[in-house]
1. May I ask for the Kirkwood hydrodynamic radius of segment 3-121, worked out over all distinct Cα pairs and given in angstroms to one decimal?
2. Kindly identify segment 1-48 as rounded, prolate or oblate by the Cα gyration tensor criterion: order the square roots of the eigenvalues as a ≥ b ≥ c, call it rounded if a/c is under 1.5, otherwise compare a/b with b/c, prolate if a/b is larger, else oblate.
3. Do any of 8/35; 41/61; 30/59; 4/30; 22/59; 4/49 go past 21 Å between their Cα atoms, and which?
4. Among 88-98, 67-77, how do they line up by average Cβ neighbours within 10 Å per residue, starting with the highest?
5. I'd like to verify something in the chain: which complete DSSP H helices, judged by Cα projection on the helix axis, reach 27 Å or more and average at least -0.5 on the Kyte-Doolittle scale?
6. All other residues with a Cβ under 13 Å from the Cβ of residue 25 taken together, and with Lys, Arg as +1 and Asp, Glu as -1, what is their net charge?
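Derivation of every value follows stated rules applied to the coordinates shown; laboratory data play no part. Computed from a prediction, not measured in an experiment: that's the story for all the values here. Every residue, glycine among them, receives a Cβ derived from its backbone with ideal geometry; neighbour counts consider all protein chains shown.
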Amino acid sequence: MITKSEAKYIRISPTKVRPVIKLVKGSNAKEAVEKLEFVKKKAAKYLQKLIKTAIADAKNKGYDQDSLFISRLVANQGPALKRYRAESFGRAAVIRRRMSHLIVELDSNKKIMQEIKKTGNN
């Protein structure tokens, strides 16, 4: 892992984020940002911003942008805001406004290739 970025308390359900994650997980970081630009989902905007942040962190550490890829991308459940709506017979139904915690980890292709070469020589 070269860089790790987190976005917490994002006001979107993790079940809505996960299908968008499947599109870009394991791909080149630069290509992932370009793919997300054409996805018409609210989650794509949040993921794109998070990946750009991770790329900027890797640049500050001295890594090349073209050699980075997404090694881990996760949407975890955050807290839920509870709201109430009137139901029949004077009851109240709970409405949960769910939140997500997004985590992205970037890795370098060169680093993994070196590890593969080391294990292959032994």
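1. On the way: mean 1/r = 0.0627 Å⁻¹.
Taking every pair of different Cα atoms in segment 3-121, averaging 1/r and inverting gives 16.0 Å.
2. Numbers: a/c = 1.78, a/b = 1.14, b/c = 1.56.
Oblate, since a/c reaches 1.5 and b/c is not below a/b.
3. Check vs 21 Å cut-off fails for 8/35; 41/61; 22/59.
4. 67-77, 88-98
5. Correct list, ordered by number: 42-60.
6. Result for the neighbourhood of residue 25: +1.
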